[in-house]
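Structure first, commentary second.
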Amino acid sequence: MGEAGADLLIIGGGLGGVSAALAALRRGLRVILTEPTRWLGGQLTSQLVPLDEHLFIERTGANRSYRELRDGLRDYYRRHYPLTERARADPYLNPGAAWVSPVSVEPRVAVAVIESLLQPYRTAGRLTVLHGYEPVAVSSTGDRIDGVTVQEVAGDRRLDLSAPYVLDATELGDLLALGGVEHVSGRESRAQTGEPGAAETADPTDMQGATWCFVLDHRDGEDHTIDRPADYDRIRALPDHSGGGQPILTFARMLDDGGRPRPTNRLIPNPDDDPAAVDLDHRNMPPAPELWTYRRIAARNQFRPGFLDSDLVIVNWPANDYTGGPLFGVPDAADNWRDCKELSRSLLYWLQTEAPRTDGGTGFPGLRLRPDVAGTEDGFAQYPYIRESRRLLARTTIVEQDVSVALRGDRGAANYPDSVGVGHYFWIDRHPTTGGHHYPGGLPQPFEIPLGALVPRRVRNLLAAAKNLGTTQITNGCYRLHPVEWSVGEAAGETIAYCLDERLEPHQVVDDPARVTALQGRLSQAGVQLRWDPELRWSR
């Protein structure tokens, strides 16, 4: 397959790739979209991570298209599930009643809603989706990408794809590396970014840990213990990320500011809790939060009695943050992919056999993997949850000084003249790293997404469309969440549509204030939020 009439080639079908495709398709473009897994949706679906959002999300801080996604998720349950009358009437329905997410849903529901948004364009013949393909080569002439070669993940078939414009919406920023597009990875030094929170030295292999999530229910009185993992003893002996001497397989959390271990987490399968009582403000997180409800995606008490025998929960905890090595950029990356999953498998075995219970016993043998929910044979996610990819060396780099409450106080985040979207999160969320560090993060003010962060310094016809935009390792901690990735993708798709309509290149847009204003007008017309209320501030 060559160009095949495509105006835009999007490599990567995560939330950024999907929103970019929708934006371009709604502007009349023809799009080719590739995705290595069986599902579109990335972190929301194939990686098993429910929507992770900010506290303002129900009233502000999201594009109209993202609200359509969220509304579609809630409406799917209202149309197809036997909800309780109270749940059905709740305008803020949260099917999982998770305290990490206000719309915590099963991945297949998210896939169904995403597919429904895209289906009209499939019917019209303007969208081609290639599942099970990953990029393996990029051809270039000077400062332009000529084409991308993709190969079957589970086969040898290769396709040469091309279009006037290409978006890198991959989970790992693959096109940046394959196409020689200038980028960074890992941690930067303070000298490179000027960030007060940056390390003294840079290390491109010191990256935030990935997590191989899995989904469980609990069958009381049954034994679903998996076979003891071959590497269990070695993994069980590893220390956790706090530096406090606890083993990695533990309910203990990080050390407090005084270097003392915090109280341990608890696991209480299928509590008879009230979904309406969930507190979604992370600032109120207790020292030892209960883990069952943390990333729950189906709460029994949201459905009519007897419909679900058990809740469904996602396991994405500190205990399965993998810091043994990077998943890209090193010779043993394939070994790290295997070990990342083995850590999660060992965590499950520990939960089933050794985890402390509140009744004084140990082990929860009734914990059962749900392959049907995960869309895999083993119940583990189709793809690990990637917190940190390669990052574009862009026309604009978003730094800590632009967003940090500690550095900006009540001034709010930086205002970018070329803002193409907004975002926020509770924290500048920096997880333990492959270099053995747990760097501080802090709080971010509600922030903007500058067009310049999507535009390479040199390459003319490629934009970043996912977590690979021009952030630093620090600001990646708040720019990598679901609604932000969606906004980045939508901005990229809209920018390409504008460039094709006006016969421009992104560099010509970002360098011309009048053209930036014209693009922003189109974005506003499409329902993209470009600015926050200047009175809105975030604090502890």
Hypothetical label at E152: residues of the stretch 31-65 whose amide nitrogen lies under 20 Å (7 Å Cα-Cβ projection): 33-40
With every protein chain in place, the stretch 1-73: carbon and sulfur % of accessible area (1.4 Å): 44
Förster radius 25 Å - calculated FRET efficiency between L238 and M285, Cβ distance, rounded to 0.05: 0.45
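What's the magnitude of the charge dipole for the chain around its Cα centre, counting Lys and Arg as +1 and Asp and Glu as -1 at the beta-carbon? Answer in Debye, nearest 20.
Magnitude of the dipole: close to 820 debye.
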Label-point separation, S139 to R537 (7 Å along Cα→Cβ), nm: 5.6
Helical mean residue ellipticity (222 nm; -39500 (n - 2.57) per DSSP H run of 4+; nearest 500) of the chain: -7500 deg cm²/dmol
Rounded to the nearest 10 Å², the accessible area of L367 at probe 1.4 Å: 0
Helix 513-525 axis, angle to the chain major axis (alpha carbon atoms, nearest 10°): 50
Loop chymotrypsin sites (Phe, Trp or Tyr not before Pro), the stretch 74-181 (other Cβ atoms within 10 Å of the site Cβ: 13 or fewer; DSSP): Y92
Among G96, A23, L351 the positive-end extreme of the charge dipole of the chain (Cβ point charges): A23
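For the stretch 391-440, take N as its residue count and report Rg(C-alpha) divided by 2.2 N^0.38 Å. Don't skip to the end; give the middle numbers.
Numbers: Rg = 13.2 Å, N = 50, 2.2 N^0.38 = 9.7 Å.
Compared with the compact-globule rule of thumb, the stretch 391-440 sits at 1.36.
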Stretchable slack from D71 to Q119, in nm (0.36 nm times residue separation minus alpha-carbon distance): 15.6 nm
Size descriptor, Kirkwood hydrodynamic radius, that averages inverse alpha-carbon separations across the chain, Å: 23.6
Scattering curve values for the stretch 1-85, log₁₀ I(q)/I(0), Debye with Cα scatterers, q = 0.15, 0.19, 0.22, 0.23 Å⁻¹: -0.71, -1.01, -1.18, -1.21
Accessible area per residue, Å², the chain with all protein chains present, probe 1.4 Å: 37
Modelled label reach - R266, point 7 Å along Cα→Cβ, the stretch 276-315 residues with backbone N closer than 16 Å: 278-279, 285-294
Global form of the stretch 125-221, assessed from the alpha-carbon gyration tensor, a/c cut-off 1.5: oblate
Label-to-label distance, nm, for residues given as D335 and A406 (7 Å Cα→Cβ offset): 3.5
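The values are calculated or read from the model by the stated rules, or taken from the named source; none is laboratory data. Just so you know, these numbers come straight off a predicted model, no measurement behind them. Cβ: placed from backbone, ideal geometry, glycine included. Neighbour counts: every protein chain shown. The accessibility values were calculated without ligands, DNA or RNA, using every heavy atom of the protein model including side chains. Shrake-Rupley method; radii C 1.70, N 1.55, O 1.52, S 1.80 Å.
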